[in-house]
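Asks: Before I ask anything, let me first share the structure, which is written out below as structure tokens.
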Amino acid sequence: QVQLVESGGGLVQAGGSLRLSCAASGRPFSSYAMGWFRQAPGKGREFVATISWNGGITYYADSVKGRFTISRDNAKNTVYLQMNSLRPEDTAEYYCAAGEFAATMDDRYSYWGRGTQVTVSS
């Protein structure tokens, strides 16, 4: 199996930046597409960004396009989410996930981390 551990969350002011990391172990990391999702209190899980196994294809939710960047370093078995120009509505628990293909639907991912909290104050 694959284990995923997120880190890098915290409390920031509106307009600030954070970089989330997700470290993977288990089956070869390069064989998986990776995604980031988030969930705010009282809301369902929301797609944020995804990246293909070799980093050649990325896709972003409209709500974060132009502000967030997903990247991966297969040599380090790590995927990143750089978040700039943060807004209060970005406040959520952020989860990384691994799946066979890059996808926007959460049921397309087989493995999930336990989450890291991002809180943006105004």
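Asks: Computing the accessible area with a 1.4 Å probe over protein heavy atoms, can you report the carbon and sulfur percentage for region 1-77? Please report the intermediate quantities before stating the final value.
Replies: Details: 2040 of 4150 Å².
Carbon and sulfur: 49 percent of the exposed surface of region 1-77.
Asks: Still on this structure, please answer the following. For region 41-51, take each phi angle, set θ = phi - 60°, evaluate the Karplus expression 6.51 cos²θ - 1.76 cosθ + 1.60, and give the result in whole Hz per residue in order, putting x for glycine and proline.
Replies: x, x, 10, x, 5, 10, 5, 10, 6, 9, 9
Asks: A further question follows. Two decimals, Cα atoms only, Kirkwood Rh: what is Rg/Rh over the chain? Don't skip to the answer; put the middle values down first.
Replies: Numbers: Rg = 13.2 Å, Rh = 14.1 Å.
Radius of gyration relative to Kirkwood radius: 0.94.
Asks: Hey, another quick one. Specify which residue in the list 118, 51, 7 is farthest towards the positive end of the charge dipole of the chain, using unit charges on the beta carbon of Lys, Arg (+1) and Asp, Glu (-1), about the Cα centre.
Replies: Checking the options against the dipole of the chain, the answer is 7.
Asks: At most 15 other Cβ atoms within 10 Å plus a DSSP loop assignment makes a site exposed; report the longest stretch of the chain without any exposed trypsin sites (Lys or Arg not before Pro).
Replies: On the way: sites that count: 43, 65, 67, 114.
Between the exposed loop sites, the longest stretch runs 68-113.
Asks: Assuming a viscosity of 1.002 mPa s and a temperature of 20 °C, what translational diffusion coefficient in µm² per second does Stokes-Einstein assign to region 77-122, Rh being the Kirkwood radius over Cα pairs?
Replies: Working: Rh = 12.3 Å.
D = 174 µm²/s.
Asks: Under a 10 Å cutoff between Cα atoms, tell me which one of 75, 103, 14 has the largest fluctuation in the Gaussian network model of the chain.
Replies: Comparing 75, 103, 14 in the GNM, the peak value goes to 75.
Asks: Something else now. Post the alpha-carbon centroid distance, region 74-122 to region 11-57, in whole angstrom.
Replies: Taking the Cα centre of each part, region 74-122 and region 11-57 sit 2 Å apart.
Asks: Per the Kirkwood definition applied to all pairs of different Cα atoms, how many angstroms is the hydrodynamic radius of region 45-86? Before the final figure, lay out each step's value.
Replies: Details: mean 1/r = 0.0918 Å⁻¹.
After inverting the mean inverse Cα-Cα distance, the result is 10.9 Å.
Asks: Counting heavy atoms of the protein chains only and a 1.4 Å probe, report the per residue accessible area for the chain as a whole number of Å². Each step should come with its number before you reach the end.
Replies: On the way: 6370 Å² over 122 residues.
For the chain, the solvent-accessible area averages 52 Å² per residue.
Asks: So for region 18-112, taking the charge dipole from beta-carbon charges (+1 Lys/Arg, -1 Asp/Glu), which of 92, 69, 37 sits furthest toward the positive end?
Replies: 69
The values are calculated or read from the model by the stated rules, or taken from the named source; none is laboratory data. Here the structure is a predicted model, which means the values were calculated and not measured. Here Cβ is always computed from backbone atoms with ideal geometry, including for glycine, and neighbour counts include all displayed protein chains. Heavy atoms of the whole protein, side chains included, go into the accessibility calculation; ligands, DNA and RNA do not. Shrake-Rupley method; radii C 1.70, N 1.55, O 1.52, S 1.80 Å.
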